[in-house]
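These notes concern the structure reproduced below.
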Amino acid sequence: MPDGTICAVATPPGRGGIGVVRLSGPDSAALTEAVAGPLPAPRRASMRRFAGDDGAAIDEGLVLWFPGPQSFTGEDVAELHGHGGPVVMDRLLQRLLGLGARLATPGEFSHRAYLNGRIDLTRAEAIADLIEAGSESAARAAMRSLQGEFAATIDALVQRLTDLRVHLEAGIDFADEPLEGLALQDVTRQVEAVAAELASTRRAASRGQQLQEGLSVVIAGRPNAGKSSLLNALAGRDAAIVTDLAGTTRDVLESYLHIDGLPLRVLDTAGLREGGDVVEQEGVRRARRAMAAADRILMVVDDSDAGDDPALPAEWPDHVAVTTVYNKIDRSGRAAGESAAGLAVSALTGEGMEALRDHLRACLGADDTEAAFIARRRHLQSLDAAAGHIDEALTAARAGAGEELIAESLAAAQASLGEITGAVTTEDLLGRIFSTFCIGK
Ligand SMILES: Nc1nc2c(c(=O)[nH]1)N(C=O)[C@@H](CNc1ccc(C(=O)N[C@@H](CCC(=O)O)C(=O)O)cc1)CN2
Ligand SMILES: Nc1nc2c(ncn2[C@@H]2O[C@H](COP(=O)(O)OP(=O)(O)OP(=O)(O)O)[C@@H](O)[C@H]2O)c(=O)[nH]1
Ligand SMILES: [K+]
């Protein structure tokens, strides 16, 4: 699949002190020599003149030469560090293309690094996530994955499954009798241990995904409880329309905000009530869908309205954590801040809003971001699939089923985990992953 010598500007477009053009592939040495003269010693920066095809200088700068396999991609790599102007960078690139290099596709350097066994998929993705990181905690989590912690955890799980399978498959080969007694108990215990380990990895990965994509918080409640006002108070701007008409918000309104550098995706929703016109009914359906998919629901109650109470909208999705927010305390007189009942705020005066922000920080695990791996949806899906197969194995083991059945489920779990690090992949998956990277990465 890696074919030819690729080149791209590795630094961001625009003007900068320095701009880097990177080359990877079999002709890197010849192309670099054609432009910049003799190659410097491996991994030693040397000053060179970069010549155009007419021999006139395009720029002068540093050349770095990384003979494969000791390079980022594992292939021969060269870098031309020139002055970071768009015209200079483009002329250098055009010169290399004229000499026979091909423009790299997005993520192609990382893709080659993966194919050459230099980095596994979690590390390739961590590089992209590190570049994209929008907060310090997301960057830290990306570094943990880049340094291989996520991959090591997955590899350890796969190893345990391999050991178990060997154990079971040896049983298949050498005994006609089903697993019983101690042996079966032992297998069950070990599968349980894998299930627990998998669950804790899932938690760390899901924390990492939240750090990257933002905790999704849905503001829900009865019409006129002050949901849109609460969103505006959190966002610090007029993101949503506020009126004293019940049923103002009809659709789901999405806002991204940060609390102490931690990303939040906040959804304002239509007030929950029966009846109303078709538009409002559709709004309520969408609100319920958003609630079911949320990481947390802020259930807003109008504290100045004796008729509003948190128990009213009965059908909460019970897998989603709910925080009750008593709003309009400027009218009800309740003391601001957090209590056992929930949080008391006034979206109008701002009382209690700091306590609400603290609460959301805590929901995001702001004090515990060290334990997170940067993770993507596809990782969580693979972890869930693996957990499903481990469950099957457990059910089979507990029911005293045959070794084959248990081993088969363990193998399926292994395959799901293998998708995370790229031990098991398809062209299609790789294409989808690397095409989202930036050019030059
Ligand atoms: N100039 C420059 N800076 C960069 C990169 C790059 O490609 N070029 N990187 C690109 O992402 C990152 C660093 N990643 C790299 C990873 C491995 C190797 C490398 O040459 N590895 C060899 C030799 C190691 C050594 O010198 O001891 C090896 O592992 O064998 C280089 C960069 C960030 N900074
Ligand atoms: N006194 C007081 N009024 C508030 C407070 N928060 C919101 N309001 C008022 O309550 C009314 C409804 O506010 P909204 O933010 O539109 O309420 P909502 O829950 O989004 O309403 P729907 O979109 O109809 O579901 C408006 O007149 C707001 O000004 C508050 O803390 N104190
Ligand atoms: K309203």
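The values are calculated or read from the model by the stated rules, or taken from the named source; none is laboratory data. None of these values were measured; they are calculated from a predicted model. Virtual Cβ from ideal backbone geometry, glycine too; neighbours counted across all protein chains shown.
Test Leu264 against the criterion of being buried (at least 16 other Cβ atoms within 10 Å of the Cβ) and under 31 Å from the mean Cα position of the chain (by Cα), and give yes or no. First the steps, then the outcome.
Values: buried (at least 16 other Cβ atoms within 10 Å of the Cβ): yes; under 31 Å from the mean Cα position of the chain (by Cα): yes.
Yes; evaluated as a whole, the condition is true for this residue.
Listed residues Ala287, Ala233, Ala220, Ala225; which is away from ligand 1 (no atom under 16 Å from the Cβ), of a type outside the set (Lys, Arg) and over 19 Å from Gly352 (Cα atoms)? Lay out the reasoning, then the answer.
Details: Ala233 fails: over 19 Å from Gly352 (Cα atoms); Ala220 fails: over 19 Å from Gly352 (Cα atoms); Ala225 fails: over 19 Å from Gly352 (Cα atoms).
Of Ala287, Ala233, Ala220, Ala225, the one residue that is away from ligand 1 (no atom under 16 Å from the Cβ), of a type outside the set (Lys, Arg) and over 19 Å from Gly352 (Cα atoms) is Ala287.
Ser229: of a type in the set (Gly, Ala, Ser) and either more than 15 Å from ligand 3 (Cβ to nearest atom) or farther than 20 Å from Tyr326 by Cα (or both), yes or no? Before the answer, list the steps.
Values: of a type in the set (Gly, Ala, Ser): yes; either more than 15 Å from ligand 3 (Cβ to nearest atom) or farther than 20 Å from Tyr326 by Cα (or both): no.
Judged against the criteria, Ser229 is not a match.
Check Arg203 against each of (1) at pLDDT 90 or above; (2) surrounded by fewer than 20 Cβ atoms within 10 Å (Cβ to Cβ) and name the one condition it does not meet.
(1)
How about the range 373-403: which of its residues are assigned to a loop (DSSP other than H, G, I, E, B), of a type in the set (A, V, I, L, M, F, W, C) and within 21 Å of the chain's Cα centre (by Cα)? So that I can check it myself, show each step before the final result.
Going through the range 373-403, the residues assigned to a loop (DSSP other than H, G, I, E, B) turn out to be 373-376, 399-402.
Next, only the ones that are of a type in the set (A, V, I, L, M, F, W, C) stay: 373-375, 399, 401.
Correct list: Phe373, Ile374, Ala375.
Could you list, in sequence order, all residues of the range 169-189 that are surrounded by 17 or more Cβ atoms within 10 Å (Cβ to Cβ) and at pLDDT 85 or above? It would help to see each step written out before you state the result.
Here is the first cut: in the range 169-189, the ones surrounded by 17 or more Cβ atoms within 10 Å (Cβ to Cβ) are 171, 179, 184, 187-188.
Correct list: Val187, Thr188.
Looking at the range 38-66 only, could you name the residues that are surrounded by fewer than 21 Cβ atoms within 10 Å (Cβ to Cβ) and in contact with a Ser or Thr (Cβ under 7 Å, 6 or more places away or on another chain)?
Leu39, Pro40, Leu62 - these are the residues of the range 38-66 that are surrounded by fewer than 21 Cβ atoms within 10 Å (Cβ to Cβ) and in contact with a Ser or Thr (Cβ under 7 Å, 6 or more places away or on another chain).
Quick check on my filter: what residues within the range 14-30 are surrounded by fewer than 23 Cβ atoms within 10 Å (Cβ to Cβ) and not small (Gly, Ala, Ser)?
Within the range 14-30, Arg15, Ile18, Val20, Pro26, Asp27 meet the criteria.
Would you be able to tell me the number of residues in the range 292-314 that are of a type outside the set (S, T, N, Q) and at pLDDT 90 or above?
Residues meeting the conditions: 9.
Just to verify a result, which residue in the range 231-280, among those that are in contact with a Leu (Cβ under 7 Å, 6 or more places away or on another chain) and part of a loop (DSSP other than H, G, I, E, B), is modelled with the highest pLDDT?
Going through the qualifying residues, I end up with Val252.
Under 7 Å between Cβ atoms, which residue pairs at least 6 apart in sequence (or on different chains) link something in the range 68-91 that is among the hydroxyl-bearing types (Ser, Thr, Tyr) with a partner that is more than 10 Å from ligand 1 (Cβ to nearest atom)?
Matching pairs, first to second residue: Thr73/Arg112; Thr73/Asn116.
Among the helices (runs of 4 or more DSSP H) lying completely within the range 62-154, list those that include at least 3 residues that are of a type in the set (Asp, Glu). Can you show your working first?
Details: elements: 86-98, 108-115, 121-132, 136-146.
In the range 62-154, the matching helices (runs of 4 or more DSSP H) lie at 121-132.
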